[in-house]
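Bear in mind these aren't lab numbers, they're just calculated from the coordinates by the rules spelled out. Quick caveat, the model's predicted, so the values are computed rather than measured. Glycine gets a Cβ as well: all are built from the backbone with ideal geometry, and neighbour counts include every protein chain shown.
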Amino acid sequence: MRMSVLDRILLLLMCLLAAYQIVVGIDAMDEAPIIAYTIAFGVLLIAGLLLIILGFEALDSPIVVVVSTIIPLSMATGLVWQHLASFRTSYLLFALIGFAAVTFTRSIRMDNLLPVITIAIVHGIPGLTIFLLPIIVSLRGETEPLFSLVGIGGALIGIGGLLLSFLRTGRPILPKETVLRVLPGLLLLMTVFFVAGFKYG
Amino acid sequence: MSSIINKIKLYIPLIKSLQTGLLLATGIAGYLSAHAPVHIPTLIAMSISLFLAISGSTIMNMWYDHDIDAKMKRTHKRPAASGELSRNEVFWVGVVVSALGIGWAVLIAPLYGLVVFAGWFFDVVVYTLWLKRVTCWSIVWGGISGAMPILSGRVLAVNQIDLIGILLALSILFWIPTHTLTFSLKFREDYSNAGVPTFPSTYGEAFTRAVIALSSVLAAVAIGWAAILIGLSAGYLRLIAVLTAGLLLLAFATFRVQSERANFSLFRYASLYMLSAMIILAMQAF
């Protein structure tokens, strides 16, 4: 499916927002969250640029499944590091092992359900973390109410990640055309929520 | 009046506006990289003189290479190659525009003028007149010429040739092969028909792709090093690191996959990368 000019504009806006977040949005944080968020927004930025350059064909690469896990994993690790201090080490371990597991199960041919289950877990847990944690901490009054916008971004990234991953595994939840049609807008919207949540939360 | 407008319309393709614009942008970024208070009249004068000098060298290139351009599908419609403008006219336009640009540059600041002249000399005399038809290594001199605008901008701002200026120049020098070699791969037959020696025809495609990948890595190293020395803020350094990671990934892919598609992806990304790096260097000044 050909990428339209509108799709490219939406992706460019997403890239600019991600670049803004990397430059100024995370400046005042501790070192670990800065690294985690830089990786998350960095992968988002590079992915956006590659989509603009290569079109939707970039998604045909087998590496997409692996790369698309980096964003939720690193984003969730940053959030846990900031707001759930007692889970820092265990979550970091989960992120590293989860990423290794996805890389492993996508590198060798497996005819069983293990790759799909691995992706569901490695996307699902960070997805829930990014969705719920900002909402919970903002409801508790530990952050400004608008920090919950990060949670909405988390819900969107969860949807986008699962759609893409299952598309790549050959068991699509929605038809490929539909996924590609909504993807640029979904990515931009997700980034808007993330950036706004971090800025005003 | 309409004949003048028509003439100008014919002259515009002589200057390869996109390439000239990119090189001019590097010059402005070089000037702003000094983070000194921006002197707008100097910046404007620099931009115009640099634009004229770059345009002049491009016109001289079109004048001399009209026979090669006429044999290549990609370039046969250029005014000097198609005969829309006489060779003599193109030559004199090139001389006048070059003289105006270099002359003005020397008047602004002698050292700046010298660097601008060096860029013109390497492009017109060493690359175009001497080496382009002789050896595929001519692109090194074309690259050095392309690196002069950013160095000249830096020199004008700091009034000396410093390490940062050299690193910025190196970043452009190493970026240029991703452009020229990608084109020489894509239009290999064209170059062959025109009798221009290229890396693919001399050393083969695999070696050429390896050179493209390596040169983009070196360009990234040079721009990263310069960014650190310039004292970019942590945020901008993070952004450059992220963009560099993408470049390294694509360079690795190009080396491993060995396809025209991978190659073109790297070329496009490297162009975006360089443009972004220039914008980052310039933005830090404000």
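Give the longest segment of chain A that steers clear of trypsin sites (Lys or Arg not before Pro) in DSSP loops with at most 12 neighbouring Cβ atoms within 10 Å, not counting the sites themselves.
Maximal segment without exposed cleavage sites: A:3-108.
How about the stretch B:44-98: which trypsin sites (Lys or Arg not before Pro) there lie in a loop by DSSP and see at most 14 other Cβ atoms within 10 Å?
Here the sparse-neighbourhood loop sites are B:LYS73, B:ARG74, B:LYS77.
Quote the FRET efficiency, to the nearest 0.05, computed for A:ALA120 versus B:LEU214 with a Förster distance R0 of 35 Å and r equal to the Cβ-Cβ distance.
0.30
For chain B, what is the relative contact order in percent, using Cα pairs closer than 8 Å and at least 6 residues apart in sequence?
Dividing the mean separation by the residue count of chain B yields 21 percent.
Considering the alpha-carbon set of the stretch A:83-154 alone, what are its Rg and its Dmax in angstrom?
15.2, 48
Sum -39500 (n - 2.57) across every DSSP H segment of at least 4 residues in chain A, then divide by the residue count to get the 222 nm mean residue ellipticity, nearest 500.
Helix contribution divided over all residues of chain A: -26500 deg cm²/dmol.
PRE reach from A:SER4 (point 7 Å along Cα→Cβ): which of the stretch A:151-167 fall under 18 Å by backbone N?
From the stretch A:151-167, the list is empty.
Anything over 23 Å Cα to Cα? Flag those among A:LYS176/A:LYS199; B:LYS16/B:LYS77; A:LYS176/B:LYS186; B:LYS16/B:LYS71, in the order listed.
From A:LYS176/A:LYS199; B:LYS16/B:LYS77; A:LYS176/B:LYS186; B:LYS16/B:LYS71, over 23 Å: A:LYS176/A:LYS199; A:LYS176/B:LYS186.
Given 0.36 nm per residue, what is the gain on full extension from B:ARG74 to B:ARG261 after removing their alpha carbon distance, in nm?
65.4 nm
Applying the Karplus parametrisation 6.51 cos²θ - 1.76 cosθ + 1.60 with θ = phi - 60° to the phi angles of the stretch B:14-27, what ³J(HN,Hα) value in whole Hz is obtained for each residue in order, glycine and proline being reported as x?
Ordered by residue, 3J(HN,Hα) equals 5, 9, 6, 4, 5, 5, 4, x, 5, 5, 5, 4, 5, x Hz.
Among B:ASP190, B:ASP67, A:ASP60, which comes first, then next, by fewest other beta-carbon atoms within 10 Å?
Least crowded to most crowded, the residues run A:ASP60, B:ASP67, B:ASP190.
Suppose a student asked you for the relative contact order of the stretch B:104-144, using Cα pairs under 8 Å spaced at least 6 residues apart; what percent would you report?
29 percent.
What's the FRET efficiency of B:ALA245 with B:SER86 using the Cβ-Cβ distance as r and R₀ = 35 Å, to the nearest 0.05?
Using R0 = 35 Å, I get an efficiency of 0.10.
Give me the one-decimal nm value for the distance between modelled label points at A:LEU128 and B:LEU107, 7 Å along each residue's Cα-to-Cβ direction.
Between A:LEU128 and B:LEU107, the label points sit 7.4 nm apart.
Could you run the Karplus curve 6.51 cos²θ - 1.76 cosθ + 1.60 with θ = phi - 60° over the stretch A:15-29 and give me ³J(HN,Hα) per residue in whole Hz, x for Gly and Pro?
After applying 6.51 cos²θ - 1.76 cosθ + 1.60, I find 4, 5, 5, 4, 5, 4, 4, 5, 6, 10, x, 10, 4, 8, 8 Hz.
Between the stretch B:1-67 and the stretch A:96-175, how many Å separate their Cα centres?
The stretch B:1-67 and the stretch A:96-175 have Cα centres separated by 49 Å.
Given a cut-off of under 8 Å on Cα pairs at least six residues apart, what relative contact order in percent is computed for chain A?
Here the relative contact order equals 25 percent.
So how far, in whole Å, is the C-alpha centre of the stretch A:24-82 from the one of the stretch B:205-233?
One Cα centre to the other: 22 Å.
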